[in-house]
1. With just the Cα atoms defining each centre, how far is the range 57-108 from the range 19-37? Give it in Å.
2. Using the 2.2 N^0.38 Å rule of thumb for compact globular proteins, work out how the chain stacks up: its C-alpha Rg over that value, please.
3. Which percent of Cα pairs goes in each bin when the distances of the range 88-150 are cut into 10 angstrom slices starting at zero?
4. I'd like to know how the range 1-72 sits against the 2.2 N^0.38 Å rule of thumb: what's its Cα Rg over that expected value?
5. Given Cα pairs under 8 Å that are at least 6 residues apart, what percent is the relative contact order of the range 81-144?
6. Looking at the range 13-151, what % of its DSSP beta bridges pair antiparallel, to the nearest 5?
7. In Å, what Kirkwood hydrodynamic radius results for the range 46-91 from the alpha-carbon pair distances?
8. Determine the calculated [θ] at 222 nm for the chain from helices alone, applying -39500 (n - 2.57) to every DSSP H run no shorter than 4 residues and normalising by the residue count; nearest 500 deg cm²/dmol.
Amino acid sequence: MKKEVDLLTILNDTQSLLSNQLMSQNVILAVTVQPDLPRVFGSHEMLQQVFTNLILNACNAMPEGGLMKISVEANSSNQVEIHFIDAGRGIPPENLSKIFDPFFTTMPVGKGVGLGLSICHTIIQQHQGSIEVHSEVAKGSDFTVRLPATK
């Protein structure tokens, strides 16, 4: 069910849910949130699924651990932008156009079926938002989710 939701609450809930896994994988999460962030209209549970998937993908991209940054801010287009930035292995250019396709995966057999980012894409579209990625091999990735702010 969609209603006005607070993204900071969803991020905090997601971080609590994943805290043991983050710690065991030596991933430090640094979250910065713009003060007086507008709310968005959406489903807490569905957005938490998106955030969980993006954080876990970042963990998988940083097998030795590292710093993952999440920043949340309003932009000039009446949207809230959430950046999930990792310092992982990055995505090769030839894969960038396929990462949101169902069943596309670079994971070994048995480690992933390639639905996570496809589901994220669908959920964000259902929220009238967008998701995109900028990535460089050996430097990391920045997944940007944009959601319309409530008036």
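1. Here the two parts' Cα centres lie 14 Å apart.
2. This ratio for the chain stands at 1.00.
3. Values per bin, smallest distances first: 21, 48, 26, 4, 0.
4. 1.14
5. In percent, rounded to a whole number, it is 50.
6. Counting DSSP beta bridges with both partners in the range 13-151, the antiparallel share is about 75 percent.
7. Roughly 11.6 Å, rounded to one decimal.
8. -10500 deg cm²/dmol
The values are calculated or read from the model by the stated rules, or taken from the named source; none is laboratory data. Please read these numbers as outputs of a predicted model, since none were measured by experiment. For the accessible areas, the whole protein counts, side chains as well, though only heavy atoms, and no ligand, DNA or RNA atoms are used. Shrake-Rupley method; radii C 1.70, N 1.55, O 1.52, S 1.80 Å.
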